[in-house]
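The structure under discussion appears below in the form of structure tokens.
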Amino acid sequence: MTESTGFQLGTVGALSLSVISSVSIVICNKALISTLGFNFATTLTSWHLLVTFCSLHIALWLKLFEHKPFDARAVMGFGILNGISIGLLNLCLGFNSVGFYQMTKLAIIPCTVLLETLSFKKDFSRKIQFSLVILLLGVGIATVTDLQLNLLGSVLSLLAIVTTCVAQIMTNTIQKRFKVSSTQLLYQSCPYQATTLFITGPFVDGLLTNQNVFAFKYTPHVLIFIVLSCLISVSVNFSTFLVIGKTSPVTYQVLGHLKTCLVLAFGYILPHDPFSWRNILGILIAIVGMGLYSYFCAVDSQSKQSEPPAQLSQVKDGETEPLIIIENGSNKGNDSVGPKGPIWASNKDLHA
């Protein structure tokens, strides 16, 4: 097996793991929140991160990966920012309608494109921009229902978009700048993310639900689903860092919208949630957009590899990371929609 083939298979594996684990945790959390009444999503996320850190610590003890310390300030800042972005996304959903929250998620892709263009001079071709527009249009048709605006919700939405974009860009750049693996970065940043959410989680959840997480009645069924959610989260967190490290923040967001479409479909097949022609049409358009995005990225990647080295040195970094990467080894880089109320976080990928 050649190095490029192994890298491509690794990327496909990371993408598959990310999709399967994210859809699984959304279904699990939806049952936990909407069926069992455990509405404390931010606190639950802090437990996810704590279990992830413990799992990675055991893996380190078993020498399944090597600990590689690097800039402590970068790790701390990245971890705290990641924790803040998760809390802001939960607040955004709590203070906005589900439709406006979905619009917030859609806005993350163009914001990421803008930040990468301004900060890293990345060149996104018109074909890739067109495919992203098709994707966002499809997801918007499938998921956006009502748009109720309010000042506080709009401010929280803006902050959530910016922090999420910056955190995901940092995930990619830190891995490449310090030459660390996704596992090494996740292991070192987990304690800061978990601490940030563990401190703020009960306050955020209390603000959104008017309930106390410590006063909740933890029945055996609730505990079983919490443990299951935490175990799945290990795979979600690991695959998130792995996908962003191997591809790009924009590609990860494209993959995230695929997860949203899958969650919508599973919501109809399993619990028989309401499903209209808009959902079907939107999902089909989104799939076309994702296919075009992956195809155009692959074409751009192949065309740049065929250029002479002298020209390659003058070409700006582009968005050439499709959902299935085609490249040689030389350039290898190191939610279902429901009503607002008790299930305010049931349609969010609790990815951390």
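Among the residues of the range 306-325, is there at least one that is modelled with pLDDT of 70 or more, in a helix (DSSP H, G or I) and among the hydrophobic types (A, V, I, L, M, F, W, C)?
Scanning the range 306-325, I find no residue that is modelled with pLDDT of 70 or more, in a helix (DSSP H, G or I) and among the hydrophobic types (A, V, I, L, M, F, W, C), so the answer is no.
So is Val139 touching a Leu at 6+ places or on another chain (Cβ under 9 Å), over 25 Å from Val299 (Cα atoms) and part of a helix (DSSP H, G or I) or not?
no
Name the one entry in Leu114, Leu81 that is open to solvent by 30 Å² or more (accessible area, probe 1.4 Å), of a type in the set (A, V, I, L, M, F, W, C) and modelled with pLDDT of 90 or more.
Leu81
Show the residue pairs meeting these rules: Cβ distance below 8 Å; 6+ apart or different chains; first residue within the range 198-225 and more than 25 Å from Asn82 (Cα to Cα) and small (Gly, Ala, Ser); second residue at pLDDT below 90 and in a loop (DSSP other than H, G, I, E, B).
none
Restricting to the range 204-220, give me the number of residues that are assigned to a helix (DSSP H, G or I), in contact with a helix residue (DSSP H, G or I) (Cβ under 9 Å, 6 or more places away or on another chain) and of a type outside the set (D, E, K, R). Break it down stepwise before answering.
Step one: of the range 204-220, the residues assigned to a helix (DSSP H, G or I) are 204-209, 213-215, 220.
This time we only want the ones that are in contact with a helix residue (DSSP H, G or I) (Cβ under 9 Å, 6 or more places away or on another chain), so: 204-209, 213-214.
From what is left, the residues that are of a type outside the set (D, E, K, R) are 204, 206-209, 213-214.
The total comes to 7.
Among Leu106, Leu64, Leu56, Leu91, which is the only one that is open to solvent by 20 Å² or more (accessible area, probe 1.4 Å), part of a helix (DSSP H, G or I), of a type in the set (A, V, I, L, M, F, W, C) and out of contact with any strand residue (DSSP E or B) (no Cβ under 9 Å at 6 or more places or on another chain)? Don't jump to the end; show me each part of the working.
Working: Leu106 fails: open to solvent by 20 Å² or more (accessible area, probe 1.4 Å); Leu64 fails: part of a helix (DSSP H, G or I); Leu56 fails: open to solvent by 20 Å² or more (accessible area, probe 1.4 Å).
Selected residue: Leu91, the only one of Leu106, Leu64, Leu56, Leu91 that is open to solvent by 20 Å² or more (accessible area, probe 1.4 Å), part of a helix (DSSP H, G or I), of a type in the set (A, V, I, L, M, F, W, C) and out of contact with any strand residue (DSSP E or B) (no Cβ under 9 Å at 6 or more places or on another chain).
Yes/no per residue for (1) open to solvent by 50 Å² or more (accessible area, probe 1.4 Å); (2) more than 20 Å from Ser24 (Cβ to Cβ); (3) in a helix (DSSP H, G or I):
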site: Cys165; (1), (2), (3): no, yes, yes
site: Gln184; (1), (2), (3): no, yes, yes
site: Ser189; (1), (2), (3): no, yes, yes
site: Ala194; (1), (2), (3): no, yes, yes
site: Phe198; (1), (2), (3): yes, yes, yes
site: Pro202; (1), (2), (3): no, yes, yes
site: Cys230; (1), (2), (3): no, no, yes
site: Phe238; (1), (2), (3): yes, no, yes
site: Leu242; (1), (2), (3): no, no, yes
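The values are calculated or read from the model by the stated rules, or taken from the named source; none is laboratory data. Model, not experiment: these values are computed from the prediction. Here the Cβ is made from the backbone with ideal geometry for all residues, glycine too, and neighbour counts use every protein chain on show. Calculation scope for accessible area: heavy atoms of the full protein, side chains included, ligands and nucleic acids excluded. Shrake-Rupley method; radii C 1.70, N 1.55, O 1.52, S 1.80 Å.
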